[in-house]
Structures are given as C-alpha cells and as structure tokens.
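*Asks:* I have a structure I would like to understand better, so I am pasting it below and will then ask my questions one at a time.
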Amino acid sequence: MSTPLVIVRGAGSALVLTQDEGGALPHVVHWGTDLPDAVLGDLAHLTGAPVPHNQPDAPWHVSVLPTSGQGWLGTPALEVHRAGGRTAPRWVATLEGGDHDATVRATASDIGLDVVVRYRLDEHGVLTVETELTNTAAEGEPVDVGALRAVLPLPTRADEVLDLTGRWCRERAPQRRPLTDGTWVRTGRRGRTGHDATLLMAAGTTGFGFRSGEVWATHVAWSGNHEHLVERLPEGAGAHAAVLGGGEALTPGEVRLAPGETYRAPSVVFVHSTEGLDGITRALVHHQRAQPGYRTTARPLVLNTWEAVYFQTDLDHLRRLADTAAAIGVERFVLDDGWFGSRRDDHRGLGDWVVSHEVWPDGLSPLVDHVKGLGMEFGLWFEPEMVNLDSDLVRANPHWVLGPVAGAPLPSRHQHVLDLANPDAFAHVLEAMSSLVAEYGIDFIKWDHNRDLHEVVRTDGSGTDRPAVHAQTSATYRLLDELRRRHPGLEIESCSSGGARVDLGVLERTDRVWTSDCNDALERVAIQRWTGLLVPPERMGTHIGPPTAHTTHRHLDLSLRMLVALGGHAGLEWDITTCSADELDALRAWSALYRELRPLLHGGDAVRSDHPDPALVVGGVVAPDRSAAVFSVVQAVSGRGVAPGVVPLRGLDAGRRYRVRVRSEAGLPAVIQVHPPAWWDAALGDGIVVSGAALGEVGLALPVLAPAQGFLLHLEGVDA
C-alpha cells in the first residue's frame, strides 16, 4: 500500500510523487498536465505496470534517483564509489511537501551517504530540481562522485526529440529525431557551455512545433561540463516509457568528498507544455523575469566598438564615434578589446587589467567623461578567465595558468586559462576589475571567454594533476557574484566568443548574453529565433553590423539589419562615422522606434509561426494582456511558391480588434510583385482595423518579398 501522494502544482502543470512501504526511494507517478486531486489519486492504481517474462519478479518504479538496484538498467542517476568499492547504496527515504515544493531525504547508512532531492514547481510552470550528496562517514576513504543526475519520466506519446547544436557564428541550430530505443545524450566537455550546447532538450508528441503539440523539456543550469539525455529501453521505465534529464558531466576524480563534505549538483530545470515550444518559452521567460535582482529598467540602446575600430583605439576617432552615436539616440557606449597593457593585438597582454599608458596617457577619463557628458552610459570589455603567456601577469605568476605537470595545454586564440580557483589569482582579478569599475564609474561589463578548455587540470602542492572544470566554473560564479555585490548597479553581459556561454547558471549572475559573434542579419534570423527558446529578448544582444558582415562577407540591406536587431536588446557594432546622411536618418528613426516599442518588445510573450515553408520566418511578441503585438516577417531565401500565401498571426485576442500598421522605421523591403496585397498601402499609413479572430485564424496575405528582405508589423488594440 502506498503512502499518500505528494502533489506539487504550478501554471497548469503537476508533479506527483509517492512512496512504497519500507522507506524506499519515492517515485514519480505523473509529470505533465495538472488534474484534480481525485483523478491524480486514481493514477497510482491505473498505471501499475504488469510483470513481463524475464524481468524482475515484482513491479518496479523509476525512482527519483534511479539505478539498477531498483530495476532501471538505463543511465543511472547516481554513480559513486569508495576507492573502487561500496557502489550500491541501500536507501531509507522520507518524502514530504505539497503545493509548490517536495523534498526527498534519503540515507544509506551502509556506505555512509545522505542524499537530498528538492523539487520546486513555480507559478510559471518551471520545475527546478536540486540534488545534493553528503559523505556522512566519520573517517575512511573519500567518496568519488561519477554522476548525480536529475531525471523525470516521459509517457509513450512523447515520440520525437528536438535539441540544438551549432558552432562559432552558427549557434543554436535545431535537429530532430524519433525517440527510439537507446540513449540520446548530448554531453558538453568544453569547459564552458559551448557553441554546440543543446540549450534545451525537448521531447514531444509527433510533429510538435512552436504553436502545437505536447512537449516536455529540460535544461541544465550550469556553465561548465554538462549533459542532457533522453533514454528509452525496450522494457520502458517502470510504468512510464522513457526518461528525460541531465546534470554535470564530471571527470573521474573531479568531485571527491572527504568525510562531512557535500556535492551540490547544478540545478536542472524541467518544463511541460500543452501549447508547443512557445508554451515552454513562456514559462521559462516568466520564470526568469520573476527572479530577484532581474533588471526591469529599460534596456539601453548600445554601441559596441569592436566591429567599428577593432584594436585601433584612437581617442579622437572614438570621440567622433560617441558624438555620432549620441546624435542618433544611442544610450550606452562600450569600449571593447585593446585598451589595457600591451594588448595591441590578440597575441599579448591578456590578463594585464591596467589601462595602457601607451594608448591612454591620461587614462580612460578623457573618453569616459566625453561619453557620459553626452548622456550615455559607459561600458568596458574584460576577459577575466584568460591570459596570454606574453603578459606581465603570467611572467610574474606562471603557476596561475591551468595545466598539467607534463606541460602547457594546447593554445587556442593564443590564450591559456587563468586558474581562478587559486585564491591569489582570484583576488588579483577581482581587485583589478573592481578598482576600474569604481575609478571610472563603469556601468556595464562585456565579460568574454574566448576559447574551449583543453586539459583543464590544476596541479596541487604534491605535484598531482586534478580535474578543474567544476572548480573553475564555481570560481567564475563567485567572481561574478562578488563584483555585483560590490557594485550593485553594474550590468554584465555573458559573451563567450559569441554565444558559447548561454545557460541559466550564468544568467543568474548576468543581465544579457551576446547571442553570436555573427552580426550577419540573415544568419541572425535563425540564431535569435532558437536562442529565444530559453533567453528573453531583453537579455539577448542583437546589434546592427556593417553593410558587409565581418564573419560571412555577405552584403545586406540596412532595412533587414535594422529589422533583425529589434528582436532583442538592440544595438550597433559598426563605424557609424562612415555613414551617409540618409543612413544616419534611418538609424535615428530606428532608434526612436526601438525606444517606443521597447516595453512591448521586452515585456511580451514570444509567438513564433510554424509556417510550412522554412524560407519564411514569422515571429514576434504579444503583450501579456494581448492589447498589442509586434511581428517581424522575413523572407530568408526564395520561397518554394510563387507567393507566400495567407499567414495567420497567432496569440492575439480573438474578441479584440487591432489596428495593423507596417512600421517603416524598421525598414521597408524590396518586393517581387506587380501589386501589393490589398491591405498593404493602408497599413503604411494610418493602418487597417481588423479582428483578432480574423488575424489569428485566417491571417494576412503577405507581399512577395525578395530574398533577405523583411518588414515589421505593429498591432494595437482599439475600442470596439
């Protein structure tokens, strides 16, 4: 007989746990759509699995910490040993909770372990699982932790898997596969989240999309090595079909618990939606916006100097750049790489966080004062976790560089890794950065991390190499936390050679991410669309690059570049002192539009179209009360049909009427047509008024756009 159910609820989702007699580890009866208590109570009886031949002699469950000892022969949630032995704990557990929380506490006194698993399902529908393991032995061999994963069951109807991959300048590329027998595991061993990180691993019903299907998704909130997995065995997972989950990817020997020590695994986030991927995103975005310390002030329009000047940090040129920026409405001016030490190129000086007297004989004050005198905030670039071997820091402290006794690891981008877990190195970087923030009143830091990590080991006092990704990631978090504690108003961007550190772990400590080093607007359409699965638009850096993209050498119209940059925390990365008068006028109108629409762009819910032709990309945001909306329409390449047809605009209030306008300030497209759609000319003026039902169920006949063209639709509710 089972003990009473523990039911945790939030935003239409529910997690139901129960526990068999004798103190066994609890198991999940249901994770998915919320149901009345009476219905949920029936599930334990209705879902009791049969006992097939050649299986354990009694029904078994996938526990909250499944291993082979309970019948699960898939990837174990826990892998531990003491000097190669005592690997099979026998748990005695308790289960408590209700409403939004549940806690499992278990003891394996035979081998001296305690485990705690905490579940919290918030009012937005985001379930966070936190797990910790303690070595309770008073003495003896340490406990080596190989894995501590969080997993939840999936039903049979979840039969497709979507995850993301990518590379530098092509982050967040989707890939789909059937959920078949076996293990689909995505492991990141790059020492950072990675350009190829999956961001979310989602399992769903056949053909699930942005606006349709039932979806279960997970995300590991960690910026170091990690894994996500979905796994199905022929015998299923107890009463369920498969499991979904993840955790930190640990190197052997990396986490070794002495008596009394505890390992706290990274949080793993789970979300269920009956409204496709947009439902997943809505929950995750609302969850983030409700976090303590989340920036709710208007996201300032940015100019970053990298693609404007690169390493050529000439004061007079930068002043002219700042003057031009202020004149078109820029609100934050960010000085990128090259301002410090001997850093005139990327071969030297990294780690010497001292203003270069050679380039700045009077310090940064002449530029900072000029920028702030124009009414803009001032930001500065750092890469605190990396060093060039040709630097004063390394010459003075060669033992601060991570690497094995056998010799230095492979260089990448002429960089090596600074051991932030070394207290002296940590203190040095903290004081250098903090003093500069205080001296110059720095408002914003672009925090970069420009390489994958190879042979990430620390050498201890006995000359023994120890794996160090966990310690390095934890130290980076402490550095971010301490800087923000000292400077509460300081805003920080997570950049990692573009979008290689995008996860909820780093986003707990930063205000936005640099989405990609690729400012090619056509590439950005897909990059931003899929990054937006997890990242709110106000936290996603989206800049207008120069006419010819630095990373792809593709030339694109200003209209498309302006349109795509409105999809996030907008800015520019372009030497706008070279712009024509017409280009500056266009940028001035665009920046005013950004400020006008900013509350909606950064406060609404994502709505993305599942158009059958992937060449046409339609998406935007709808106000939470559905009083207004913004949609961008982009023809990435030539469509497969003569015309795109009538495209619905989802997420609107069917009972409301909307004024629909094409906002020319975001740029107007080149078209391939004799006549526009019937509504187009009116929408370029005062707009057309039409019902939300017509727009959502039928839609708009779209113009025939040339490739790499698009436009912005602005919808405002009107009185009946």
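*Asks:* Assess whether GLY194 counts as being more than 22 Å from GLU132 (Cα to Cα), part of a loop (DSSP other than H, G, I, E, B) and open to solvent by less than 10 Å² (accessible area, probe 1.4 Å).
*Replies:* Answer is yes for this residue.
*Asks:* Can you name the residue in the stretch 477-496 that is buried (at least 21 other Cβ atoms within 10 Å of the Cβ) and among the small types (Gly, Ala, Ser) and, of all such residues, is nearest to the chain's Cα centre (by Cα)?
*Replies:* For the stretch 477-496, the residue satisfying everything is SER494.
*Asks:* If you take the residues of the stretch 272-320 that are assigned to a helix (DSSP H, G or I) and of a type in the set (Lys, Arg), which of them is most open to solvent (accessible area, probe 1.4 Å)?
*Replies:* Ranking the qualifying residues of the stretch 272-320, first place goes to ARG320.
*Asks:* Of the conditions (1) farther than 30 Å from ASP278 by Cβ; (2) of a type outside the set (A, V, I, L, M, F, W, C); (3) out of contact with any Gly (no Cβ under 8 Å at 6 or more places or on another chain); (4) modelled with pLDDT of 95 or more, ASP452 clears all except one; give me its number.
*Replies:* (3)
*Asks:* Taking the stretch 345-388 as the region of interest, how many residues are under 32 Å from the mean Cα position of the chain (by Cα) and of a type outside the set (Val, Ile, Thr)?
*Replies:* 23
A quick yes/no check of all residues on (1) polar (S, T, N, Q); (2) touching a helix residue (DSSP H, G or I) at 6+ places or on another chain (Cβ under 7 Å):
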| site | (1), (2) |
| --- | --- |
| HIS45 | no, no |
| GLN55 | yes, no |
| GLU96 | no, no |
| GLY112 | no, no |
| HIS124 | no, yes |
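*Asks:* Taking the stretch 129-146 only, how many residues are within 23 Å of the chain's Cα centre (by Cα) and open to solvent by less than 40 Å² (accessible area, probe 1.4 Å)?
*Replies:* Residues that pass the stated criteria total 2.
*Asks:* Which condition number in (1) among the β-branched types (Val, Ile, Thr); (2) closer than 16 Å to LEU483 by Cα; (3) within 25 Å of the chain's Cα centre (by Cα) is the one that VAL417 fails?
*Replies:* Unmet condition: (2).
*Asks:* Of everything in the stretch 245-256, what is touching an Asp or Glu at 6+ places or on another chain (Cβ under 8 Å) and not charged (D, E, K, R)? Give them in sequence order.
*Replies:* GLY246, GLY247, ALA249, PRO252, GLY253, VAL255
*Asks:* Report, by residue number, each residue of the stretch 593-606 that is open to solvent by less than 10 Å² (accessible area, probe 1.4 Å) and either of a type in the set (S, T, N, Q) or within 25 Å of the chain's Cα centre (by Cα) (or both).
*Replies:* TYR594, LEU597, GLY604 - these are the residues of the stretch 593-606 that are open to solvent by less than 10 Å² (accessible area, probe 1.4 Å) and either of a type in the set (S, T, N, Q) or within 25 Å of the chain's Cα centre (by Cα) (or both).
*Asks:* Could you check the stretch 197-227 and list, in sequence order, the residues that are in a loop (DSSP other than H, G, I, E, B) and either among the small types (Gly, Ala, Ser) or free of Cβ contacts under 8 Å to residues at least 60 places away in the same chain (or both)?
*Replies:* ALA197, THR198, THR205, THR206, GLY207, GLY209, SER212, GLY213, ALA221, SER223, GLY224
*Asks:* Does at least one position in the stretch 50-61 carry a residue that is hydrophobic (A, V, I, L, M, F, W, C), surrounded by 13 or more Cβ atoms within 10 Å (Cβ to Cβ) and in contact with a strand residue (DSSP E or B) (Cβ under 8 Å, 6 or more places away or on another chain)?
*Replies:* No, the stretch 50-61 contains no residue that is hydrophobic (A, V, I, L, M, F, W, C), surrounded by 13 or more Cβ atoms within 10 Å (Cβ to Cβ) and in contact with a strand residue (DSSP E or B) (Cβ under 8 Å, 6 or more places away or on another chain).
*Asks:* If I ask for residues that are among the hydrophobic types (A, V, I, L, M, F, W, C) and open to solvent by 20 Å² or more (accessible area, probe 1.4 Å), which ones from the stretch 80-115 would you list?
*Replies:* ALA83, ALA88, TRP91, VAL92, LEU95
*Asks:* Considering only the stretch 672-703, state which residues are surrounded by fewer than 18 Cβ atoms within 10 Å (Cβ to Cβ) and under 35 Å from the mean Cα position of the chain (by Cα).
*Replies:* ALA693, ALA694, GLY696, GLU697, VAL698, GLY699, ALA701 - these are the residues of the stretch 672-703 that are surrounded by fewer than 18 Cβ atoms within 10 Å (Cβ to Cβ) and under 35 Å from the mean Cα position of the chain (by Cα).
*Asks:* Another question about this same structure. Residue check: is SER591 polar (S, T, N, Q) and either closer than 25 Å to GLU491 by Cβ or part of a strand (DSSP E or B) (or both)?
*Replies:* Against the criterion (polar (S, T, N, Q) and either closer than 25 Å to GLU491 by Cβ or part of a strand (DSSP E or B) (or both)), SER591 qualifies.
*Asks:* Answer with yes or no whether TRP31 is surrounded by 16 or more Cβ atoms within 10 Å (Cβ to Cβ) and more than 34 Å from the chain's Cα centre (by Cα).
*Replies:* Answer is no for this residue.
*Asks:* Name the residues in the stretch 515-539 that are among the hydrophobic types (A, V, I, L, M, F, W, C), surrounded by fewer than 24 Cβ atoms within 10 Å (Cβ to Cβ) and within 25 Å of ALA202 (Cα to Cα), would you?
*Replies:* Answer for the stretch 515-539, where residues must be among the hydrophobic types (A, V, I, L, M, F, W, C), surrounded by fewer than 24 Cβ atoms within 10 Å (Cβ to Cβ) and within 25 Å of ALA202 (Cα to Cα): VAL525, ALA526, TRP530.
*Asks:* Same structure again: Any idea which of VAL429, VAL405 is in contact (Cβ under 8 Å) with a residue 40 or more places away in the chain, touching a Pro at 6+ places or on another chain (Cβ under 6 Å) and either of a type outside the set (Gly, Ala, Ser) or not in a loop (DSSP other than H, G, I, E, B) (or both)?
*Replies:* After applying the criteria, what remains is VAL429.
*Asks:* How about the stretch 557-590: which of its residues are open to solvent by less than 10 Å² (accessible area, probe 1.4 Å) and more than 13 Å from THR542 (Cα to Cα)?
*Replies:* ILE576, LEU587, TRP590 - these are the residues of the stretch 557-590 that are open to solvent by less than 10 Å² (accessible area, probe 1.4 Å) and more than 13 Å from THR542 (Cα to Cα).
*Asks:* Could you please find all residues in the stretch 408-423 being open to solvent by 30 Å² or more (accessible area, probe 1.4 Å), of a type in the set (Gly, Ala, Ser) and in a loop (DSSP other than H, G, I, E, B)?
*Replies:* Passing the criteria: only ALA408.
*Asks:* A follow-up question, please. Within the set of pairs 6+ apart or on separate chains, which have a first residue in the stretch 618-639 that is open to solvent by 20 Å² or more (accessible area, probe 1.4 Å), a second that is at pLDDT below 95 and outside any strand (DSSP E or B), and C-beta atoms under 6 Å apart?
*Replies:* Hits for this filter: GLY639/ASP613.
*Asks:* Still on this structure, please answer the following. Would you call VAL457 open to solvent by 10 Å² or more (accessible area, probe 1.4 Å) and touching a strand residue (DSSP E or B) at 6+ places or on another chain (Cβ under 6 Å)?
*Replies:* Here the answer is yes, as VAL457 does meet what is asked.
*Asks:* How many residues does the stretch 633-672 contain that are among the polar types (S, T, N, Q) and in contact with a strand residue (DSSP E or B) (Cβ under 9 Å, 6 or more places away or on another chain)?
*Replies:* Count: 2.
*Asks:* Out of LEU483, LEU504, I need the residue that is out of contact with any Lys or Arg (no Cβ under 7 Å at 6 or more places or on another chain), of a type in the set (A, V, I, L, M, F, W, C), farther than 20 Å from GLU377 by Cβ and touching a residue at least 12 places away in the same chain (Cβ under 8 Å). Which one?
*Replies:* Result: LEU504 is the single residue among LEU483, LEU504 that is out of contact with any Lys or Arg (no Cβ under 7 Å at 6 or more places or on another chain), of a type in the set (A, V, I, L, M, F, W, C), farther than 20 Å from GLU377 by Cβ and touching a residue at least 12 places away in the same chain (Cβ under 8 Å).
*Asks:* For PRO4, indicate whether it is out of contact with any strand residue (DSSP E or B) (no Cβ under 6 Å at 6 or more places or on another chain), over 16 Å from THR103 (Cβ atoms), of a type outside the set (Ser, Thr, Tyr) and not in a strand (DSSP E or B).
*Replies:* So PRO4 does not fit the description; no.
The values are calculated or read from the model by the stated rules, or taken from the named source; none is laboratory data. The structure displayed is predicted, hence computed values, not measured ones. Please note: Cβ atoms are built from the backbone with ideal geometry, for glycine as well, and neighbour counts cover all protein chains shown. Ligands, DNA and RNA are excluded from the accessible area calculation, which covers all protein heavy atoms including side chains. Shrake-Rupley method; radii C 1.70, N 1.55, O 1.52, S 1.80 Å.
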